[in-house]
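Below is one structure, written out as structure tokens; the observations come after it.
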Amino acid sequence: MPLALLALAVSAFGIGTTEFVMMGLLPDVADDLGTSVPTAGYLVSAYAIGVVIGAPLLTAVGSRVPRKRMLLLLMALFTVGNLASALAPGFGWLIAGRLLAGLPHGAFFGVGAVVASRLVPEGRRARAVATMFLGLTVANIVGVPAATLLGQHLGWRATFLVVAAIGVCAMAALARLVPQIPVEARQNVRHELRALGNRQVLLGLLTAVFGFAGVFAVYSYLSAMTTKAMGFGESAVTPVLALFGIGMTLGALAAGPLTDRALRPTLYGSLGALAVVLAVFPLAAHIKWAALVMVVLLGAVGFMTTTPLQMLVMNKAKDAPTLASASNHSAFNLANAGGAWLGGAAIAAGWGWTSPAAVGAALALAGLAIAVTAGALDRERGTSKVVASQNRTHTAHNPAHAAHNPARPAFEDGPRPRPGRT
């Protein structure tokens, strides 16, 4: 694999660390800034809103910017956002810093996925994209626990200063290792928006919203489940979160080669497996060893969905994949917010601490149903094209046949020839 993928993975490591570390720092931030933990939870939402807004907006604005320069500009904005968070004098300013740090998230992964796919032969593109995402998964094993520990001992501001330093290192790696990749000749905002309107792209984004919401319905409350459902002490929360990160990494490693070999079957299989794991989760949660196994499996099958979804929208967007790729991360963050809200609603309704898993299973099944429907529509469209092409070929060799059969649907996606003309 090219060294440029390492630069992309380092950048993803920094982004993943700052995205998830706030969940572990909420009590410290709330105490320091004189607010409640639920109110401090808006800091998580602020980052997600930044991703949802920034992914399409920054990608559209930078549609004509060379890929390498765009990556550097996005990572610079990420670094400034984390530095602003570290220096925020009050809660409102910290909200603004988190929003700013989230803006480049989706655009970076969208552009980065396109760059990664251009660095390798066609048959290894999914593996290249999965390699970039490894930085995000490793962040959940190493970056988030280490940054949380740092924040608890040296203050939460130190965490964001370190993340900003990671951003500077990532910029240096991008500048040194990523080659110049020109923007496609037809690349512009209108072209990107037209590609985003493709039915298969939209169905792929909808699959991500529902399918990945199943993961976040549980992950958002995994810390509470660890102590209240699994029976572990507070000290076990960090190792359990790290186990989830290990599962994510295993899923990313498996997803690359599987997606290169068979994209849609990998997507169907991962969503189906996710629904099964989430359905079994409440039954296994009360047996400690089984609960730990389920946490790893949840991370693995959940993250295995990301690479095929990323490649699907890129492939279906054809010559303008960047906006579709970036919008995929907006979809993932909508899944984050929606899954957390629905999981919290289940707990608030008194259904128990493991009830978010049942909600997640239903969401994963909905995502699978959308994915299967999209696949059926795609096959039907492909079959129609093949039949039409075969009919046109047959008629071309038999012009008299065309003259006597003017109603034949061979030319349904093009002008019908006049009778008697060849």
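Couple of notes before you dig in:
- Eigenvalues of the alpha-carbon gyration tensor of region 265-389, scaled by 5 and square-rooted, set the equivalent ellipsoid semi-axes at 33, 16, 13 angstrom, largest first.
- Only helices enter this figure: runs of n ≥ 4 DSSP H residues, each worth -39500 (n - 2.57), summed and divided by the residues of the chain, yield -27000 deg cm²/dmol at 222 nm to the nearest 500.
- Net length gained if the chain between Trp93 and Ala290 were fully extended (0.36 nm per residue, minus Cα distance): 66.6 nm
- Once the Cα atoms are used to define both axes, helix 91-118 deviates from the longest principal axis of the chain by about 40 degrees.
- Relative to its residue count, the chain spans a Cα convex hull of 145 Å³ per residue.
- Between Leu377 and His153, the contour length at 0.36 nm per residue exceeds the alpha carbon distance by 75.2 nm.
- Lys-Lys pairs in the chain that are eight or more residues apart or on separate chains and whose Cα atoms lie under 26 Å of each other come to 5.
- Debye, to nearest 20: dipole size of region 6-85, +1 on Lys, Arg Cβ, -1 on Asp, Glu Cβ: 680
- Inter-label distance for Ser36 and Ala172, nm, one decimal - labels placed 7 Å from Cα along Cα-to-Cβ: 4.5
- Rounded to the nearest 20, the Cβ-based charge dipole of the chain about its Cα centre (Lys and Arg +1, Asp and Glu -1) stands at 1760 debye.
- Sorting the Cα pairs of region 226-328 by distance into bins of 5 Å, from 0 upward, gives 2, 14, 19, 19, 16, 11, 8, 6, 3, 1, 0 percent per bin.
- Inter-label distance, nm, simple model (7 Å from Cα along the C-beta direction), Lys228/Trp351: 1.4
- Whole-angstrom gap from region 208-246 to region 1-55, using each part's C-alpha centre: 17
- Prolate/oblate/rounded call for region 1-155, Cα gyration tensor, a/c under 1.5 rounded: prolate
Rule-based calculations on the coordinates, nothing more; no lab input. Since the model is a prediction, treat every value here as computed from it, not as a measurement. So basically every Cβ, Gly included, is an ideal-geometry build from the backbone, and we count neighbours across all protein chains shown.
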